[in-house]
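Contents: one structure, followed by commentary.
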2 protein chains.
Amino acid sequence: MSIAVAEPTGGTKSEVQKILAQAKAEGRTALTAPEAKTLCELYGIPIPQEGLAASADQAAEMAQDMGFPVVLKIVSPQILHKTEAGGVLVGLKSADEVRSGFQTIMDNARRYDPKAELLGVQVQQMLKGGQEVIVGAVTDPSFGKLVAFGLGGILVEVLKDITCRLAPVSRDEALSMMYVIQVAEVLKGVRGADPVDRNALADLIVNVSRLVDEVPEIVELDLNPVFARADGATAADVRVVLDFEPAPPRYRPSEEEILAKMNRIMQPDAVAVIGASAEDGKIGNSVMKNLINGGYKGQIYPIHPKADEILGIKAYRSVKDVPGDIDVAVFAIPAKFVAQALTEVGEKKIPGAVLIPSGFAETGNVEGQKEIVEIARRYDVRLMGPNIYGFYYTPKNLCATFCTPFDVKGRAALSSQSGGIGMAIIGFSRSTKMGVSAIVGLGNKSDIDEDDLLTFFEHDDNTQVVAMHLEDLKDGRAFAEAAKRVSKKKPVVVLKAGRTSLGARAASSHTGALAGNDKIYDDVLRQSGVIRARSLQDLLQFARGIPVLPTPKGENVVIITGAGGSGVLLSDACVDNGLHLMSMPADLDAAFRKFIPPFGAAGNPVDITGGEPPTTYRNTIKLGLEDDRIHALILGYWHTIITPPMVFAKVVTEVVEEMRAKGIDKPIVASLAGDVQVEEASEYLYDHGIVAYPYTTEMPVAVLGAKYRWARAAGLL
Amino acid sequence: MSIAVAEPTGGTKSEVQKILAQAKAEGRTALTAPEAKTLCELYGIPIPQEGLAASADQAAEMAQDMGFPVVLKIVSPQILHKTEAGGVLVGLKSADEVRSGFQTIMDNARRYDPKAELLGVQVQQMLKGGQEVIVGAVTDPSFGKLVAFGLGGILVEVLKDITCRLAPVSRDEALSMMYVIQVAEVLKGVRGADPVDRNALADLIVNVSRLVDEVPEIVELDLNPVFARADGATAADVRVVLDFEPAPPRYRPSEEEILAKMNRIMQPDAVAVIGASAEDGKIGNSVMKNLINGGYKGQIYPIHPKADEILGIKAYRSVKDVPGDIDVAVFAIPAKFVAQALTEVGEKKIPGAVLIPSGFAETGNVEGQKEIVEIARRYDVRLMGPNIYGFYYTPKNLCATFCTPFDVKGRAALSSQSGGIGMAIIGFSRSTKMGVSAIVGLGNKSDIDEDDLLTFFEHDDNTQVVAMHLEDLKDGRAFAEAAKRVSKKKPVVVLKAGRTSLGARAASSHTGALAGNDKIYDDVLRQSGVIRARSLQDLLQFARGIPVLPTPKGENVVIITGAGGSGVLLSDACVDNGLHLMSMPADLDAAFRKFIPPFGAAGNPVDITGGEPPTTYRNTIKLGLEDDRIHALILGYWHTIITPPMVFAKVVTEVVEEMRAKGIDKPIVASLAGDVQVEEASEYLYDHGIVAYPYTTEMPVAVLGAKYRWARAAGLL
């Protein structure tokens, strides 16, 4: 019954164009069933045998040829929801039934929409058996074409159990879709049912994704249901919605262009401050002070309409008066003066402008923002902001911001769409001494977006992890492409805010209605190798912890704990975070048992029991590090008089450093249960590369889980 | 088709007993279908018309009487899985079909199990239409009889989408089960289907729960499927499993008995320390010092085989030598001496023993533990532990523990099964200055259990919230009953560890296999009004925050934020925590707008924008407190020069205290985004009754959500 999966032939494009032209000429935004079927055939999407009957007799004859039972469906460009119109009859078993069915459908359709043009009745071979699934495609305003997959049926609709990927998808990606839906087990064949043919289904999904990708006019497509059987997959019904208004092209500079400009903006040798001021309390004064006091070693050019010098530095009337090159201009002037100054920045060929001022789109001044973007495009200037706090780049001692200076150098680059979240990043970083390479405010994102930042951080040797807070993506596809590339090299963590709002995306198709806005983000972020943070604390703690932990070399995690109670909670957290607790080999079990009291429990967790001296921690941790079969350790500490917190912290650090000296470096996290001294001990451990927390069993495991998620997505495991 | 729901008649009990006696006499652990049907009829559980046919002709005749189509099923005590045996035929439409069907089934059954006794074929009216659901009952080793409800079908099985309640259930509880399953929407009737008759379904569930409650021998029961229609619900198939070995009765003192003893143990006027020691480093020395230095004002009686005084206090050879009454004896002697000393405690009529020593069941010494429990029962002594750190009761300045003293008095009572978690409680409490009434270690729980503690805390005016870490419940039913009662008065928070392990509970029934161990805990805890904490941090933060917040008077929550970005994340957190963001009435919207810049956003969140002075926070918060339609506030603060953190904290505190003086007291939580000074500001706010956190939008909302969950479960909203 199924049609072999075929490569589209050379003539495909022209045939597709012919169908589209016909629809366009007739002012239709939907394809007729026969047209849709032709598209499927051209793209190797298996469909049942069928034909269009203009009369009852013709329908009966066709049915006779293809074999009973058959399905009858009305064909009318105006009737999209055929069932509602009484335009579908299923299970017709004889020529007589088909004949009378034809008449019933035509009558129903006429009553449903007297103005509808009725082209006839489609006679279709009725598919039996197998599992009903849905394959579809939607067009997201930010991500573009997406292909979706889910099981069919009411329950799945209630659960909204569907998964999306950017189109086109690879075969592997298509296969992966069959494992991530909630009810994936059904595809394996439960209760005696046959497993479905995943390969056939994957081919079908791949071909749908190519179809929608290659034909931009197709904005929605539903194959519902697709019958997935043990020996193939066939789409029983096809619905295609068109849009002949192409989306306006997006500004998409090449990776090289992005990098060339971002390098100069983020690592400038010369900074102009437009609106520099000597007056305390002014933003232009704060920016100047932060540049100077932050220890920036490049040129600083204060720009001021009248002053000759500001804070001891020679000032200029305009950037155009500055003799040398300028890499970036920081704007600290009211919104109304930005356009003029930006024009001068363009004329001076400065590659980037950091627009601190508010008073643009966020206050309703959409036109004002449009104007500055136009100026920027004209002169090829990249804009950061407007409505931002600016940015920090610590390797250059650069505080191009009006906020307080920040100087804890390190490997985490963070960005935020919101200024408030930016301040939380700074406060958290300072409080936890999290080493930071950059903190960037993106604000209104009139131009520079997360994908520009990703491209810069990708090539920035000072950055080892990128953590981003975002509320939306102006160009989700550009972000996904950049993230997919970057996350192969460096972990990318994203806190997507507004995840519980369904947004205002139009969703007239079935697939579209099932795939909520946040679901799409979730699927695409995962497809792009991004680690999604579920909370602000997760974003911050992941940024802090991920660069501290070495990359694990395998999936085997072992818990070593002094507190049995912590062991249980740590195990819970492992399951929550998708970590694999190694089942302990007998020889290793015996080896651990040598170090612990007879009533302690080996296995995993290794429960060394509470009253043990530092040597027990030392011996068991050393064994865990030395044995090649173990890839990561989770430590549970219990405060006792025999092994006080700082003694524990030091003994752990010692043995870890000893092993590191021998070239053994595994990720280790720790949960410390005890009196307040465990806070100091946790800090000490963190400072020595062991991600440790007091009073929580969940956070250390979540950080380890994030590292693992990244390593898996990057193909390192 | 459905049978009216009837009260069991007076003769029910004897008829049930007759059926059970028959089964027992025949050595069966399952009822035959006709027996099971009789039980259903006795308990008003609607079943289809049916009869047992011994011959093909009799089957045909019966079918003729009840009307076609019919279902045929083999009846054999040995064949439980009829479909597997080829013993079921459905949709037989004529007498002839029934006749030949009878033969087919008998033949199949014979082949399937040649030794099976075939009693004949059940002829059953075939139910059509409606939604297939499952109603069942299982017996849990800890919770006893549970009734379960879920939708039928493979998908639901894959999802394990089923919900359990302690049997018997009330009608309201039965109705609630139809709203909490994942696919609850299906019962409303989706895609044109009729909504099911929830009342009929609830009656059926209530009756099943009464049946299993009143007949202890029924250990499992499956009604699968039940056809739930718009006009009733009928069980199409009934399976009943019996167990004639009654579970051993549990030690269950009355509430009064528990309270009488727990009051003396927790609030003693005289404490004996068995194993008191003058020697530093000994546990018996630490306990003595903690009692003395903690400021305990009651009598302290050191018990020591030789000493005449310890730390300046007169010592005795045995508790029996002490002249006055003793309320509790704290044991600080090795395990092997406990039995003898406990006998003396019993003879002295001391009501409670706090058994710090380890070396009992946790090290494999199960017999030793059994021995001390027997001694305790003999003398009516309640045991806390063994293998514990002891306990604190701050209103009495009582530190009956070898851990460090603790004296921050307050309203949270905490307990832990594990010593490590107990230490984390102490450290966290000290670090955050969380006021505590009691911290109790339960350890091996040989006797005193969470339900004993709950009963004490219920009546303890010094306790306003109870937070418990537990790994198992020895008597889940006693806990659930106590929790249900207590949670009406005081919030009960539980961190159930080991939630991801499925445990070793036998589950031969369908319902049993679907309801995993953690799912049962989840359902029963909810049914008991308990707030379940998902992490150790949640347990600790809920214990700290819940008593600080006043109980909300309604569901309307409003977010007031200086940072738009925080507003979005706070909204996400509201959805995550089941909080209702009030849709802002027009007049209130206008009132808020008066205080905020024109480009700020009213609605909810109220976005006052970042650059605002303290008065804007003040005015909007005041409005939020004064307006009766708003029941709780969530504040988002953004660190700026115009309103620095401590200025914000003070202005919020001022306006809140002003309102409190007027009798307006609403729950307020705050998320502070900013530089490190927000930490001090958060502490200041917390100290003044506003639950505030730096660098997290999720935690303040989670605490508010926990307070709301409690208020709803306690019927206060």
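The values are calculated or read from the model by the stated rules, or taken from the named source; none is laboratory data. Note that the coordinates shown come from a computational prediction; the quantities given were computed from them, not determined experimentally. Positions of Cβ are backbone-derived with ideal geometry, glycine not excepted, and every protein chain shown enters the neighbour counts.
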Answer yes or no as to whether B:ASN207 is under 30 Å from B:LYS24 (Cα atoms), at pLDDT below 95 and within 29 Å of the chain's Cα centre (by Cα). no
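Quick grid of which residues meet (1) in contact with a helix residue (DSSP H, G or I) (Cβ under 9 Å, 6 or more places away or on another chain); (2) within 12 Å of chain A (Cβ to nearest Cβ); (3) buried (at least 21 other Cβ atoms within 10 Å of the Cβ); (4) basic (Lys, Arg):
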position: B:GLY562; (1), (2), (3), (4): yes, yes, yes, no
position: B:GLY565; (1), (2), (3), (4): yes, yes, yes, no
position: B:HIS580; (1), (2), (3), (4): yes, no, no, no
position: B:PHE592; (1), (2), (3), (4): yes, no, yes, no
position: B:GLU657; (1), (2), (3), (4): no, no, no, no
Sort through A:THR615, A:THR609 and tell me the only one that's away from chain B (no Cβ under 14 Å), more than 17 Å from A:ASP665 (Cα to Cα) and surrounded by fewer than 24 Cβ atoms within 10 Å (Cβ to Cβ). A:THR615
List, please: which pairs have Cβ atoms under 6 Å, are six or more places apart or on different chains, and start with a residue in the stretch B:659-688 that is away from every other protein chain (no Cβ under 11 Å) and end with one that is polar (S, T, N, Q)? B:HIS688/B:THR653
Tell me yes or no: at least one residue of the stretch B:451-458 is at pLDDT 95 or above, under 21 Å from B:PRO357 (Cβ atoms) and buried (at least 21 other Cβ atoms within 10 Å of the Cβ). yes
Residue, farthest from the other protein chains (Cβ to nearest Cβ), within the stretch B:129-160, restricted to residues that are assigned to a loop (DSSP other than H, G, I, E, B) and closer than 23 Å to B:ASN207 by Cβ: B:PHE143
Neighbours by Cβ (under 7 Å, 6+ apart or cross-chain): first from the stretch A:547-566, touching a residue at least 60 places away in the same chain (Cβ under 8 Å); second buried (at least 24 other Cβ atoms within 10 Å of the Cβ) and among the aromatic types (Phe, Trp, Tyr): A:PRO552/A:TYR708; A:GLY562/A:TYR637; A:GLY562/A:TRP638; A:ALA563/A:TRP638; A:SER566/A:TRP638
Kindly provide the set of residues from the stretch B:414-445 that are among the hydroxyl-bearing types (Ser, Thr, Tyr) and at pLDDT 95 or above, ordered by number. B:SER415, B:SER416, B:SER429, B:SER431, B:THR432, B:SER437
Tell me whether the stretch B:283-300 contains one or more residues that are modelled with pLDDT of 95 or more, in contact with a helix residue (DSSP H, G or I) (Cβ under 6 Å, 6 or more places away or on another chain) and outside the structural domain of B:ALA202 (by TED's automatic domain parsing). yes
Residue count, the stretch A:567-578 (criterion: out of contact with any Asp or Glu (no Cβ under 9 Å at 6 or more places or on another chain) and within 11 Å of chain B (Cβ to nearest Cβ)): 3
With (1) among the hydrophobic types (A, V, I, L, M, F, W, C); (2) more than 30 Å from A:GLU217 (Cβ to Cβ); (3) part of a loop (DSSP other than H, G, I, E, B) as the list, and A:PHE244 as the residue in question, which single condition is left unmet? (2)
Return the residues of the stretch A:194-207 that are within 17 Å of A:ARG229 (Cα to Cα) and either in contact with a helix residue (DSSP H, G or I) (Cβ under 6 Å, 6 or more places away or on another chain) or facing another protein chain (nearest Cβ under 8 Å) (or both); say none if nothing qualifies. A:PRO195, A:VAL196, A:ARG198, A:ALA202, A:ILE205
Quick check on the stretch A:421-433: of everything there that is at the interface with another protein chain (Cβ under 7 Å from one of its Cβ atoms) and touching a helix residue (DSSP H, G or I) at 6+ places or on another chain (Cβ under 9 Å), which residue is surrounded by the fewest Cβ atoms within 10 Å (Cβ to Cβ)? A:SER431
Yes or no: A:VAL238 within 14 Å of another protein chain (Cβ to nearest Cβ) and in contact (Cβ under 8 Å) with a residue 60 or more places away in the chain? no
Residue identified as farther than 24 Å from B:VAL241 by Cβ, among the β-branched types (Val, Ile, Thr) and buried (at least 21 other Cβ atoms within 10 Å of the Cβ) among B:VAL186, B:VAL147: B:VAL186
Quick one: count up the residues across the stretch B:621-658 that are among the polar types (S, T, N, Q) and over 39 Å from the mean Cα position of the chain (by Cα). 2
Which residue is nearest to A:LYS349 (Cα to Cα), if the candidates are limited to the stretch A:383-407 and must be more than 7 Å from chain B (Cβ to nearest Cβ) and in contact with an Asp or Glu (Cβ under 6 Å, 6 or more places away or on another chain)? A:LEU383
Would you mention how many residues in the stretch B:42-94 are of a type in the set (D, E, K, R), part of a strand (DSSP E or B) and more than 27 Å from B:LEU201 (Cα to Cα)? 0
Candidate set from the stretch A:627-642 (those that are buried (at least 23 other Cβ atoms within 10 Å of the Cβ) and either touching an Asp or Glu at 6+ places or on another chain (Cβ under 6 Å) or among the hydroxyl-bearing types (Ser, Thr, Tyr) (or both)); member that is nearest to the other protein chains (Cβ to nearest Cβ): A:HIS639
Among the residues of the stretch B:408-420, are any within 14 Å of chain A (Cβ to nearest Cβ), within 20 Å of B:THR432 (Cβ to Cβ) and assigned to a helix (DSSP H, G or I)? yes
Going residue by residue through the stretch B:90-104, is there one that turns out to be of a type in the set (Val, Ile, Thr), surrounded by 21 or more Cβ atoms within 10 Å (Cβ to Cβ) and closer than 30 Å to B:PHE244 by Cβ? no
Condition check: surrounded by 15 or more Cβ atoms within 10 Å (Cβ to Cβ) and closer than 14 Å to A:PHE402 by Cβ. Does A:MET288 satisfy that? yes
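Okay, residues lined up against (1) in contact with a strand residue (DSSP E or B) (Cβ under 6 Å, 6 or more places away or on another chain); (2) outside any helix (DSSP H, G or I):
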position: A:PRO168; (1), (2): no, yes
position: A:MET178; (1), (2): no, no
position: A:ASP194; (1), (2): no, yes
position: A:LEU201; (1), (2): yes, no
position: A:LEU211; (1), (2): no, no
position: A:LEU221; (1), (2): yes, yes
Please go through the stretch B:689-705 and give me each residue that is closer than 17 Å to B:HIS639 by Cβ and either among the aromatic types (Phe, Trp, Tyr) or within 13 Å of another protein chain (Cβ to nearest Cβ) (or both), ordered by number. B:TYR693, B:PRO694, B:TYR695, B:THR696, B:THR697, B:PRO700
When (1) surrounded by fewer than 17 Cβ atoms within 10 Å (Cβ to Cβ); (2) farther than 23 Å from A:PHE360 by Cβ are applied to A:GLN340, the one that fails is (2)
